[in-house]
Amino acid sequence: MAAVIKTPAEMEKMRTSGKMAAEVLEMIGPYVVKGVTTEELDNICHDYIRNKLNAYPAPLNYHGFPKSICTSVNHVICHGIPGDKKLKDGDIINIDVTVRFDEDSTDPDHPNGYHGDTSKMFVVGKPSILAERLIRVTQECLYKAIRIVKPGTRLGDIGEIIQKHAESHNYSVVREYCGHGIGSTFHEDPQIVHYGKAGTGEVLEAGQCITIEPMINAGKKHCKLLKDDWTVVTKDRSLSAQWEHTLLITDDGVEVLTLRTDEDFPRVISHKE
Ligand code: MF3
Ligand code: CO
Ligand code: CO
(Lines give C-alpha, C1' and ligand atoms only; values in the text may rest on other atoms or scores of the structure.)
(Ligands and ions follow the chains in the order given, each with its own letter.)
Protein backbone atom coordinates (compact mmCIF):
# COMPACT_ATOMS: atom_id res chain seq x y z
CA MET A 1 0.00 0.00 0.00
CA ALA A 2 2.58 2.53 -1.11
CA ALA A 3 1.56 6.17 -1.10
CA VAL A 4 1.80 7.79 -4.53
CA ILE A 5 3.97 10.93 -4.34
CA LYS A 6 3.36 13.51 -7.06
CA THR A 7 6.15 15.39 -8.83
CA PRO A 8 5.86 19.20 -8.99
CA ALA A 9 4.65 18.88 -12.61
CA GLU A 10 1.99 16.37 -11.55
CA MET A 11 0.92 18.66 -8.70
CA GLU A 12 0.32 21.39 -11.25
CA LYS A 13 -1.80 19.01 -13.36
CA MET A 14 -3.79 18.06 -10.23
CA ARG A 15 -4.40 21.77 -9.57
CA THR A 16 -5.76 22.19 -13.08
CA SER A 17 -8.08 19.18 -12.85
CA GLY A 18 -9.21 20.17 -9.36
CA LYS A 19 -10.15 23.68 -10.55
CA MET A 20 -12.10 22.18 -13.44
CA ALA A 21 -14.13 19.87 -11.19
CA ALA A 22 -14.90 22.78 -8.85
CA GLU A 23 -15.97 24.88 -11.83
CA VAL A 24 -18.49 22.24 -12.88
CA LEU A 25 -20.16 22.36 -9.45
CA GLU A 26 -20.24 26.18 -9.64
CA MET A 27 -21.73 26.03 -13.12
CA ILE A 28 -24.48 23.50 -12.33
CA GLY A 29 -25.87 25.30 -9.25
CA PRO A 30 -28.44 27.50 -11.07
CA TYR A 31 -29.88 24.42 -12.84
CA VAL A 32 -30.64 22.56 -9.61
CA VAL A 33 -34.27 23.64 -9.30
CA LYS A 34 -37.71 22.10 -8.86
CA GLY A 35 -38.81 20.17 -11.97
CA VAL A 36 -35.38 19.44 -13.45
CA THR A 37 -34.44 15.79 -13.90
CA THR A 38 -31.10 14.44 -12.75
CA GLU A 39 -30.56 13.25 -16.32
CA GLU A 40 -30.79 16.86 -17.51
CA LEU A 41 -28.18 17.84 -14.91
CA ASP A 42 -25.99 14.98 -16.16
CA ASN A 43 -26.30 16.18 -19.77
CA ILE A 44 -25.40 19.76 -18.86
CA CYS A 45 -22.34 18.62 -16.88
CA HIS A 46 -21.27 16.19 -19.60
CA ASP A 47 -21.44 18.86 -22.30
CA TYR A 48 -19.60 21.38 -20.14
CA ILE A 49 -16.80 18.93 -19.27
CA ARG A 50 -16.34 17.71 -22.85
CA ASN A 51 -16.91 20.89 -24.83
CA LYS A 52 -16.04 23.78 -22.54
CA LEU A 53 -13.24 22.21 -20.48
CA ASN A 54 -12.03 19.76 -23.13
CA ALA A 55 -11.80 17.19 -20.33
CA TYR A 56 -13.43 13.81 -19.62
CA PRO A 57 -16.11 12.88 -17.09
CA ALA A 58 -14.30 10.06 -15.25
CA PRO A 59 -17.44 8.25 -13.96
CA LEU A 60 -18.74 7.55 -17.50
CA ASN A 61 -18.14 3.82 -18.15
CA TYR A 62 -16.06 3.56 -14.96
CA HIS A 63 -16.65 -0.10 -13.99
CA GLY A 64 -19.77 0.20 -16.12
CA PHE A 65 -21.24 3.34 -14.52
CA PRO A 66 -23.63 4.63 -17.22
CA LYS A 67 -23.52 8.41 -16.65
CA SER A 68 -21.07 11.30 -16.28
CA ILE A 69 -21.90 12.45 -12.75
CA CYS A 70 -23.42 10.89 -9.64
CA THR A 71 -26.67 12.42 -8.36
CA SER A 72 -27.71 11.20 -4.91
CA VAL A 73 -31.11 12.47 -3.74
CA ASN A 74 -32.44 12.41 -0.14
CA HIS A 75 -31.88 8.91 1.31
CA VAL A 76 -29.43 7.99 -1.47
CA ILE A 77 -25.97 7.90 0.12
CA CYS A 78 -23.84 7.86 -3.04
CA HIS A 79 -23.48 6.66 -6.66
CA GLY A 80 -27.02 7.69 -7.61
CA ILE A 81 -27.51 7.27 -11.37
CA PRO A 82 -28.98 10.30 -13.14
CA GLY A 83 -32.46 9.47 -14.48
CA ASP A 84 -35.84 10.87 -15.44
CA LYS A 85 -37.13 11.64 -11.96
CA LYS A 86 -37.84 15.32 -11.42
CA LEU A 87 -36.46 17.16 -8.40
CA LYS A 88 -39.17 18.46 -6.10
CA ASP A 89 -39.45 21.08 -3.39
CA GLY A 90 -37.51 20.14 -0.27
CA ASP A 91 -35.26 17.57 -1.96
CA ILE A 92 -31.58 17.52 -1.06
CA ILE A 93 -29.12 16.29 -3.66
CA ASN A 94 -25.41 15.53 -3.76
CA ILE A 95 -23.77 16.10 -7.12
CA ASP A 96 -20.41 14.34 -7.44
CA VAL A 97 -18.18 15.45 -10.30
CA THR A 98 -14.91 13.85 -11.35
CA VAL A 99 -12.98 15.24 -14.32
CA ARG A 100 -9.93 13.78 -15.97
CA PHE A 101 -7.68 16.15 -17.89
CA ASP A 102 -4.15 16.41 -19.21
CA GLU A 103 -3.26 19.19 -21.61
CA ASP A 104 -0.38 17.02 -22.87
CA SER A 105 -2.66 14.06 -23.62
CA THR A 106 -2.75 13.33 -27.34
CA ASP A 107 -4.86 10.21 -27.86
CA PRO A 108 -8.56 11.11 -27.78
CA ASP A 109 -9.63 7.44 -27.82
CA HIS A 110 -7.69 6.57 -24.69
CA PRO A 111 -7.89 9.75 -22.69
CA ASN A 112 -5.49 9.72 -19.79
CA GLY A 113 -4.79 12.52 -17.38
CA TYR A 114 -5.17 13.58 -13.78
CA HIS A 115 -8.36 13.55 -11.73
CA GLY A 116 -10.23 16.19 -9.79
CA ASP A 117 -13.01 14.72 -7.63
CA THR A 118 -15.46 16.83 -5.65
CA SER A 119 -19.07 16.88 -4.51
CA LYS A 120 -21.45 19.25 -2.83
CA MET A 121 -24.98 19.28 -1.46
CA PHE A 122 -27.71 21.34 -3.12
CA VAL A 123 -31.19 22.00 -1.77
CA VAL A 124 -34.32 22.40 -3.87
CA GLY A 125 -36.63 25.13 -2.58
CA LYS A 126 -36.91 25.03 1.18
CA PRO A 127 -35.44 21.97 2.91
CA SER A 128 -36.50 20.79 6.36
CA ILE A 129 -34.60 22.03 9.42
CA LEU A 130 -33.31 18.47 9.86
CA ALA A 131 -32.00 18.32 6.30
CA GLU A 132 -30.32 21.71 6.60
CA ARG A 133 -28.63 20.67 9.83
CA LEU A 134 -27.45 17.34 8.40
CA ILE A 135 -25.97 19.14 5.39
CA ARG A 136 -24.20 21.71 7.58
CA VAL A 137 -22.78 19.17 10.05
CA THR A 138 -21.52 16.98 7.19
CA GLN A 139 -19.68 19.94 5.65
CA GLU A 140 -18.24 20.71 9.10
CA CYS A 141 -16.98 17.10 9.24
CA LEU A 142 -15.12 17.63 5.96
CA TYR A 143 -13.72 21.01 7.01
CA LYS A 144 -12.60 19.77 10.44
CA ALA A 145 -10.78 16.90 8.78
CA ILE A 146 -9.09 19.11 6.17
CA ARG A 147 -7.83 21.44 8.90
CA ILE A 148 -5.72 18.66 10.49
CA VAL A 149 -4.18 17.35 7.25
CA LYS A 150 -0.41 17.76 6.94
CA PRO A 151 2.60 15.45 6.60
CA GLY A 152 2.53 13.17 9.65
CA THR A 153 -1.25 13.15 10.02
CA ARG A 154 -2.47 9.58 10.45
CA LEU A 155 -5.54 8.26 8.68
CA GLY A 156 -7.10 7.44 12.06
CA ASP A 157 -6.82 11.13 13.01
CA ILE A 158 -9.01 11.99 10.02
CA GLY A 159 -11.48 9.21 10.77
CA GLU A 160 -11.82 10.11 14.43
CA ILE A 161 -12.43 13.82 13.94
CA ILE A 162 -15.20 13.10 11.42
CA GLN A 163 -16.82 10.33 13.46
CA LYS A 164 -16.75 12.38 16.68
CA HIS A 165 -18.38 15.40 15.07
CA ALA A 166 -21.06 13.36 13.30
CA GLU A 167 -21.90 11.23 16.33
CA SER A 168 -22.02 14.26 18.64
CA HIS A 169 -25.07 15.26 16.59
CA ASN A 170 -26.51 11.74 16.78
CA TYR A 171 -25.71 11.11 13.13
CA SER A 172 -23.84 8.08 11.83
CA VAL A 173 -20.88 7.56 9.53
CA VAL A 174 -21.21 5.27 6.50
CA ARG A 175 -18.54 2.56 6.73
CA GLU A 176 -18.64 0.81 3.33
CA TYR A 177 -17.57 3.75 1.15
CA CYS A 178 -14.60 6.00 1.69
CA GLY A 179 -12.18 8.59 0.36
CA HIS A 180 -9.10 7.59 -1.59
CA GLY A 181 -5.77 8.49 -3.06
CA ILE A 182 -6.18 10.18 -6.45
CA GLY A 183 -3.97 11.13 -9.38
CA SER A 184 -3.52 9.57 -12.80
CA THR A 185 -5.78 6.84 -11.40
CA PHE A 186 -9.32 7.76 -10.22
CA HIS A 187 -9.06 5.64 -7.06
CA GLU A 188 -5.53 5.02 -5.74
CA ASP A 189 -4.21 3.87 -2.37
CA PRO A 190 -4.74 4.62 0.41
CA GLN A 191 -8.40 4.26 1.40
CA ILE A 192 -9.48 7.18 3.57
CA VAL A 193 -12.17 5.93 5.93
CA HIS A 194 -14.32 8.44 7.79
CA TYR A 195 -14.32 6.76 11.21
CA GLY A 196 -11.57 5.44 13.48
CA LYS A 197 -9.09 6.18 16.25
CA ALA A 198 -6.57 9.01 16.29
CA GLY A 199 -2.94 7.88 16.37
CA THR A 200 -3.63 4.79 14.26
CA GLY A 201 -3.32 4.01 10.58
CA GLU A 202 -1.05 5.10 7.76
CA VAL A 203 0.87 8.37 7.93
CA LEU A 204 0.31 11.01 5.24
CA GLU A 205 3.33 12.36 3.36
CA ALA A 206 4.00 15.56 1.42
CA GLY A 207 3.19 15.15 -2.26
CA GLN A 208 0.26 12.76 -1.76
CA CYS A 209 -3.18 13.61 -3.13
CA ILE A 210 -6.26 12.25 -1.39
CA THR A 211 -9.98 12.86 -1.22
CA ILE A 212 -11.99 13.20 1.95
CA GLU A 213 -15.70 12.61 1.31
CA PRO A 214 -17.71 11.81 4.45
CA MET A 215 -21.14 10.27 3.96
CA ILE A 216 -23.24 11.02 7.05
CA ASN A 217 -26.68 9.57 7.75
CA ALA A 218 -29.35 11.23 9.87
CA GLY A 219 -30.30 7.74 11.08
CA LYS A 220 -28.35 4.50 11.33
CA LYS A 221 -25.12 3.79 9.48
CA HIS A 222 -26.32 0.77 7.53
CA CYS A 223 -26.69 0.93 3.78
CA LYS A 224 -28.27 -1.10 1.02
CA LEU A 225 -27.24 -1.48 -2.62
CA LEU A 226 -30.17 -1.22 -5.05
CA LYS A 227 -30.73 -3.71 -7.88
CA ASP A 228 -29.10 -1.39 -10.41
CA ASP A 229 -25.85 -2.39 -8.63
CA TRP A 230 -24.84 1.25 -8.13
CA THR A 231 -27.31 3.26 -6.07
CA VAL A 232 -26.49 3.07 -2.35
CA VAL A 233 -29.31 4.03 0.03
CA THR A 234 -29.71 4.18 3.79
CA LYS A 235 -31.26 0.96 5.05
CA ASP A 236 -33.61 2.87 7.37
CA ARG A 237 -34.40 5.36 4.56
CA SER A 238 -33.07 8.25 6.65
CA LEU A 239 -31.55 11.25 4.85
CA SER A 240 -27.87 11.16 3.96
CA ALA A 241 -25.43 13.94 3.04
CA GLN A 242 -21.93 14.05 1.56
CA TRP A 243 -19.30 16.65 0.68
CA GLU A 244 -15.99 15.88 -1.04
CA HIS A 245 -12.74 17.67 -1.79
CA THR A 246 -9.52 16.62 -3.49
CA LEU A 247 -6.46 17.62 -1.44
CA LEU A 248 -2.71 17.93 -1.94
CA ILE A 249 -0.56 17.34 1.13
CA THR A 250 2.06 20.10 1.09
CA ASP A 251 5.33 20.34 3.05
CA ASP A 252 3.61 22.01 5.99
CA GLY A 253 -0.14 21.52 5.49
CA VAL A 254 -2.69 21.07 2.79
CA GLU A 255 -4.02 22.63 -0.39
CA VAL A 256 -7.71 22.25 -1.31
CA LEU A 257 -7.50 21.59 -5.04
CA THR A 258 -11.28 21.66 -5.61
CA LEU A 259 -12.18 24.78 -3.58
CA ARG A 260 -15.16 26.74 -4.97
CA THR A 261 -15.85 30.46 -4.88
CA ASP A 262 -18.99 29.86 -2.77
CA GLU A 263 -16.90 28.46 0.08
CA ASP A 264 -15.71 30.39 3.10
CA PHE A 265 -12.62 28.24 3.58
CA PRO A 266 -8.89 28.73 2.83
CA ARG A 267 -7.37 27.19 -0.30
CA VAL A 268 -4.04 26.69 1.45
CA ILE A 269 -3.48 25.84 5.11
CA SER A 270 0.05 26.09 6.51
CA HIS A 271 0.90 24.70 9.92
CA LYS A 272 4.35 26.26 10.01
CA GLU A 273 4.74 28.87 12.75
N1 MF3 B 1 -16.89 10.22 -7.47
C2 MF3 B 1 -16.99 9.06 -6.63
C3 MF3 B 1 -15.91 9.18 -5.59
O4 MF3 B 1 -15.91 10.19 -4.94
C5 MF3 B 1 -16.86 7.80 -7.37
C6 MF3 B 1 -17.94 7.57 -8.35
S7 MF3 B 1 -17.62 6.12 -9.16
C8 MF3 B 1 -18.91 6.00 -10.20
O9 MF3 B 1 -15.03 8.41 -5.42
F10 MF3 B 1 -18.63 5.03 -10.99
F11 MF3 B 1 -20.00 5.80 -9.51
F12 MF3 B 1 -19.01 7.11 -10.85
CO1 CO C 1 -13.87 10.41 -4.47
CO1 CO D 1 -16.48 11.88 -5.99
Please name all residue pairs, on different chains or six or more residues apart, with Cβ atoms under 6 Å, provided the first residue is in the range 98-110 and is closer than 14 Å to ARG50 by Cα and basic (Lys, Arg) and the second residue is at pLDDT 85 or above and surrounded by 10 or more Cβ atoms within 10 Å (Cβ to Cβ). ARG100/TYR56; ARG100/ALA58; ARG100/GLY113; ARG100/HIS115
Verdict on CYS78 being within 19 Å of GLN139 (Cβ to Cβ), surrounded by fewer than 24 Cβ atoms within 10 Å (Cβ to Cβ) and within 16 Å of ligand 2 (Cβ to nearest atom): yes
Somewhere in the range 101-121, is a residue in contact with a Pro (Cβ under 7 Å, 6 or more places away or on another chain), surrounded by fewer than 19 Cβ atoms within 10 Å (Cβ to Cβ) and not acidic (Asp, Glu)? yes
Based on what the data block shows, is GLU26 among the acidic types (Asp, Glu) and more than 29 Å from GLY125 (Cβ to Cβ)? no
Collect the residues in the range 40-78 that are among the hydrophobic types (A, V, I, L, M, F, W, C) and assigned to a loop (DSSP other than H, G, I, E, B), keeping them in residue-number order. LEU53, ALA55, ALA58, LEU60, PHE65, ILE69
Spans of strands (runs of 3 or more DSSP E) in the range 182-229 with at least 3 residues more than 16 Å from ligand 3 (Cβ to nearest atom) and either of a type outside the set (Asp, Glu) or in contact with a helix residue (DSSP H, G or I) (Cβ under 6 Å, 6 or more places away or on another chain) (or both): 223-225
Identify, please: which residue in the range 82-100 is part of a loop (DSSP other than H, G, I, E, B) and more than 16 Å from ligand 3 (Cβ to nearest atom) and is, among those, surrounded by the fewest Cβ atoms within 10 Å (Cβ to Cβ)? ASP84
Identify all residues within the range 122-173 that are within 17 Å of ASN217 (Cβ to Cβ), touching a Lys or Arg at 6+ places or on another chain (Cβ under 8 Å) and surrounded by 21 or more Cβ atoms within 10 Å (Cβ to Cβ); write none if there are none. GLY159, ILE162, HIS165, SER172, VAL173
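The values are calculated or read from the model by the stated rules, or taken from the named source; none is laboratory data. Bear in mind that the values here come from a model prediction, so they are computed numbers and not experimental data. Positions of Cβ are generated from backbone atoms using ideal geometry, with glycine treated the same way; all protein chains shown enter the neighbour counts.
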